[in-house]
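The values are calculated or read from the model by the stated rules, or taken from the named source; none is laboratory data. Everything quoted here is computed from the prediction, not taken from an experiment. Cβ: placed from backbone, ideal geometry, glycine included. Neighbour counts: every protein chain shown.
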Amino acid sequence: MAVDLTKLQFYSGNNYLKRSSFFGQMNAVSTGYDPNQTSITHNLGYIPQFVVAADYQNNGIWWANEFCNDVRGPGGVTNGVIMISPSIDSTRFFVIASASYDGSVFAATRPVKYGIYLDS
Amino acid sequence: MAVTDVDILSFISQFPIDKIALVDSITISNPGPTYANEDLQRARVVTATKAHSVGRPCFIRARFRIDGGEWQDMNTILFYTFVVTSFGTVLGNRIGQISIGCGANNVYFRTANGHHSDASGSGPFSYTTFAHAFEIQYVLYEMD
């Protein structure tokens, strides 16, 4: 007798993170000295877990956390890095982009990969 | 009816979950700051790159420890304070911070070490630098 694999259900005594349909890419847009916020709407109705990776230098390297430099903060950031801070509420996922004081990247767009889970 | 061939079982989930693509680690030596003439709160950044076989960028989870100490979350920044002895001023700097990024074929690392002793002199200053070894364990998991 063949086993119908589609009938199988995963059971775990421990919970696991389940991915929502909100896994994708958005742009963080730095417009000047003041931090600039962009967002997407998920409308889950609660505050879910999320993951993010940012291409700080627009070169195909996706960073999982803060881009550390010799001096912390936008004033010490070199190499054309845009600082990106992610956050979330019950309806939207936000990224805040802060410009470097390097005029060459004063206003820039950087891609951000995000993933929103169904678990709070 | 009992399933006798467990090899035919596969994982079916109503919702997709994270799929781990690679687990690896690296140790990076950072000799510490040498900016005694200025920038007492500046850190030395040492970078490294390690190839991976996934062939596409991934999300990352990571932890690190310094000199075999306690494991830290990848977002942790370890601070300390030092004294500018001539003025009695207490300032802060970083013992350690890491950044980790992923491209299609490589994982990229940055470590920051600003750890030094109290600073003597009134400019230029002098201090003893403390080197540290950053051990980073990381997991790559699928973005899509």
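Computed quantities for the displayed model
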{"quantity": "Unmet requirement for residue B:124, which otherwise passes all of (1) assigned to a loop (DSSP other than H, G, I, E, B); (2) modelled with pLDDT of 95 or more; (3) of a type outside the set (A, V, I, L, M, F, W, C)", "calculated": "(2)"}
{"quantity": "Residues (among the charged types (D, E, K, R) and either in contact (Cβ under 8 Å) with a residue 24 or more places away in the chain or over 25 Å from residue B:137 (Cα atoms) (or both)) located in the range A:16-74", "calculated": "A:18, A:19, A:34, A:55"}
{"quantity": "Whichever residue in the range B:112-128 is over 22 Å from residue A:63 (Cα atoms) and within 14 Å of chain A (Cβ to nearest Cβ) and, among such residues, is nearest to the chain's Cα centre (by Cα)", "calculated": "B:115"}
{"quantity": "Flag for residue B:46 being assigned to a strand (DSSP E or B), surrounded by fewer than 17 Cβ atoms within 10 Å (Cβ to Cβ) and among the aliphatic types (A, V, I, L, M)", "calculated": "no"}
{"quantity": "Of all residues in the range A:39-65 being more than 11 Å from chain B (Cβ to nearest Cβ) and small (Gly, Ala, Ser), the one that is surrounded by the most Cβ atoms within 10 Å (Cβ to Cβ)", "calculated": "A:39"}
{"quantity": "Residue, farthest from residue A:61 (Cα to Cα), within the range B:91-105, restricted to residues that are within 8 Å of chain A (Cβ to nearest Cβ) and outside any loop (DSSP other than H, G, I, E, B)", "calculated": "B:94"}
{"quantity": "Residues within the range A:21-49 that are over 11 Å from the mean Cα position of the chain (by Cα), of a type in the set (Gly, Ala, Ser) and in a strand (DSSP E or B), tallied", "calculated": "2"}
{"quantity": "Only listed residue being part of a loop (DSSP other than H, G, I, E, B) and charged (D, E, K, R), chosen from B:56, B:61", "calculated": "B:56"}
